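The structure appears below as structure tokens.
The values are calculated or read from the model by the stated rules, or taken from the named source; none is laboratory data. Remember, it's a predicted structure, so these values are computed and weren't measured experimentally. We place every Cβ from the backbone using ideal geometry, glycine too, and count neighbours over all the protein chains shown.
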Amino acid sequence: MITVSPVCAFNDNYIWVLQRAGGAVAVDPGESAPVARFLAAEGLHLEALLITHHHGDHTGGIAALAAAHPGLVVYGPPGIRGVTHPVTEGDVVTVLGQRFDVIAVPGHTLDHIAYSDGTHLFCGDTLFGAGCGRVFEGTPAMLHASLKKLAALPDATLAYPAHEYTLSNLAFAAAADPDNPAVAERIARDQARRARGEATLPTPLAEEKRSNPFLRSADPALAARLEKRLGQRLDDEVSVFTALRDWKNRF
């Protein structure tokens, strides 16, 4: 079985490290030093990197890790410095004996991809605990479509976002979706986790579908509350999602 551990970087990044039988794969190493310390402590050999998009807090450690591990295989979107094996939608990556599908999820950036083996989903900055990434390069419609693509994966799939943003996202969810009992339940549970020094992640997609407002843009009650707040009609899911993302930007 593959096990997955969070390695903390910067203020709130997680570098997810997969391991099996002494081998390891790191996802989005924005820094090399935390990964090196974890590998040494666990006695692991780094075999590959999985990169989701080009932002520096996801790629900054590639060069140093590649220098320390000759022959390191680096999967990621085309055009990123240090990527040795460019991959796009529909490609399959095999690491530690496990097959991962590559899923294009543009919106946060145009090159953003995710990796899923049906059990684990490494989604970078597209899907967060109770939230989603900002739209930097794409459009709200792009990001909405990408999130729907991820939400179509099996409910039991565990999502591994790259940032510990869950509590701040839940504060917004409570404002946007105040009558949703799943939000209140999740706030209590995840506040307790953080108080114990634990990560709120990974999170099952089933939980995200219940409590993440950005995956609930088809909910009539959520749309009605937004329409009342804005004083205007929202005609479809994309307009609801766009209004939510705009509100969260200023929340």
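Brief remarks follow.
- Among the residues making up the range 170-193, those that are without any contact (Cβ under 8 Å) to a residue 60 or more places away in the chain, farther than 24 Å from residue 18 by Cβ and not aliphatic (A, V, I, L, M) are 177, 178, 179, 180, 181, 185, 186, 189, 191.
Residues are listed down the side, and each one gets a yes or a no for (1) under 17 Å from residue 6 (Cα atoms); (2) modelled with pLDDT of 95 or more; (3) not in a helix (DSSP H, G or I):
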residue: 103; (1), (2), (3): no, yes, yes
residue: 107; (1), (2), (3): no, yes, yes
residue: 111; (1), (2), (3): no, yes, yes
residue: 115; (1), (2), (3): yes, yes, yes
residue: 121; (1), (2), (3): yes, yes, yes
residue: 134; (1), (2), (3): no, yes, yes
residue: 137; (1), (2), (3): no, yes, yes
residue: 141; (1), (2), (3): no, yes, no
residue: 144; (1), (2), (3): no, yes, no
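- Listed conditions (1) in a loop (DSSP other than H, G, I, E, B); (2) surrounded by 21 or more Cβ atoms within 10 Å (Cβ to Cβ) are all met by residue 75, apart from (1).
- Complete set of residues in the range 171-212 that are more than 18 Å from residue 240 (Cβ to Cβ) and β-branched (Val, Ile, Thr): 187, 200, 203
- If the condition is being out of contact with any Leu (no Cβ under 9 Å at 6 or more places or on another chain) and either surrounded by 16 or more Cβ atoms within 10 Å (Cβ to Cβ) or in contact (Cβ under 8 Å) with a residue 60 or more places away in the chain (or both), then the range 9-31 contributes 9, 12, 13, 15, 30, 31.
- Helices (runs of 4 or more DSSP H) fully within the range 200-251 counting 2 or more residues that are modelled with pLDDT of 95 or more, under 20 Å from the mean Cα position of the chain (by Cα) and crowded, with 21+ Cβ neighbours inside 10 Å: 205-211, 237-249
- Condition check for residue 155: surrounded by fewer than 19 Cβ atoms within 10 Å (Cβ to Cβ) and under 25 Å from residue 3 (Cα atoms): yes
- Considering 48, 64, the condition of being among the small types (Gly, Ala, Ser), over 18 Å from the mean Cα position of the chain (by Cα) and assigned to a strand (DSSP E or B) is satisfied by 48 alone.
- The set of residues in the range 43-70 that are surrounded by 24 or more Cβ atoms within 10 Å (Cβ to Cβ) and either β-branched (Val, Ile, Thr) or free of Cβ contacts under 8 Å to residues at least 60 places away in the same chain (or both) comprises 49, 51, 52, 61, 62.
- The residue pairs whose first member lies in the range 138-161 and is among the charged types (D, E, K, R), whose second member is outside any helix (DSSP H, G or I), and whose beta carbons are closer than 8 Å, counting only pairs six or more residues apart or on different chains, are 149/103; 149/105; 155/204.
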